[in-house]
Amino acid sequence: MRRFVIGAIAAALVAVCLSAGLPARAQSKDEQEIRALEDQFAAAASAKDLDAIMKVYVPGNDLFVFDVGVPRQHVGWEDYKKDWHDFLAMLPGPIKFTVSDLSVASDGKIAYGHNIQHLSGTMADGSPADMTVRVTDVYRKIDGKWLIVQEHVSVPIDFSAGKPVPDMMSKP
């Protein structure tokens, strides 16, 4: 009887592992598509191509973003496009923008991910710009294409000093 129970448990575990492998393949395709979307975003930001940046976001009023600057939130594609326009205007020269440590989970219709984004360049006053932020995104597959529908950008805070800690971003 003991052998039967152990055999049944082993068979159940194998079945679960095999069935879990099927969705992983579909999610792998979703993850590849979302990684390509984030690569497209980083290239557009590096090129300071506002129209290309905004192509990764859902058009209309469904977009919601918590950003690090003021105001505290942006509702809608037009509002966030203006925020990006104003931000890029503060950086008149070339910039380098990277996305790293991307992690994605998807069910095929909706996905979420988090990553680290780094920007370097020169501010309008000539001072160096060197910013690293944490980003959490919610993606929705619309007409076969992944788009960001919600975004939360943040930096770690040293509560005792009441200041952001940008160098903390290089450490997990």
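Quick one: in region 139-169, which of the residues that are loosely packed, with under 15 Cβ neighbours inside 10 Å, hydrophobic (A, V, I, L, M, F, W, C) and not in a helix (DSSP H, G or I) is modelled with the highest pLDDT?
Per the stated criteria, the residue is Ile142.
Take the residues in region 69-83 that are surrounded by 15 or more Cβ atoms within 10 Å (Cβ to Cβ) and at negative phi; name whichever of them is farthest from the chain's Cα centre (by Cα).
Only one residue fits best here, namely Asp79.
Looking at (1) at pLDDT below 95; (2) within 18 Å of Leu147 (Cα to Cα); (3) among the β-branched types (Val, Ile, Thr), which one does Ile110 not meet, given that it meets all the others?
Going through the list (1) at pLDDT below 95; (2) within 18 Å of Leu147 (Cα to Cα); (3) among the β-branched types (Val, Ile, Thr), Ile110 breaks only (1).
Determine which member of the set Ala124, Ala129 is of a type outside the set (D, E, K, R), touching a Leu at 6+ places or on another chain (Cβ under 9 Å), assigned to a loop (DSSP other than H, G, I, E, B) and farther than 19 Å from Lys55 by Cβ.
Every option except Ala124 fails the conditions.
Of all residues in region 103-121, count the ones that are assigned to a loop (DSSP other than H, G, I, E, B) and not basic (Lys, Arg). Break it down stepwise before answering.
Going through region 103-121, the residues assigned to a loop (DSSP other than H, G, I, E, B) turn out to be 107-109.
Remaining after also requiring not basic (Lys, Arg): 107-108.
Qualifying residue count, region 103-121: 2.
Name the pairs: first residue in region 28-39 and without any contact (Cβ under 8 Å) to a residue 40 or more places away in the chain, second residue part of a helix (DSSP H, G or I) and surrounded by 12 or more Cβ atoms within 10 Å (Cβ to Cβ), Cβ to Cβ under 7 Å, at least 6 apart or on different chains?
none
Taking Pro23 and the conditions (1) surrounded by 11 or more Cβ atoms within 10 Å (Cβ to Cβ); (2) modelled with pLDDT of 95 or more, which numbered condition does it fall short on, given that it satisfies the others?
That leaves (2) as the condition not met.
Is there a residue being in a strand (DSSP E or B) and in contact with a Leu (Cβ under 6 Å, 6 or more places away or on another chain) anywhere in region 89-102?
So far as region 89-102 goes, yes, one or more of its residues are in a strand (DSSP E or B) and in contact with a Leu (Cβ under 6 Å, 6 or more places away or on another chain).
The values are calculated or read from the model by the stated rules, or taken from the named source; none is laboratory data. It should be emphasised that the depicted structure is a prediction, and the values quoted were computed from it without experimental measurement. Methodologically, a virtual Cβ is constructed for each residue, glycine included, from the backbone with ideal geometry; neighbour enumeration extends over all protein chains shown.
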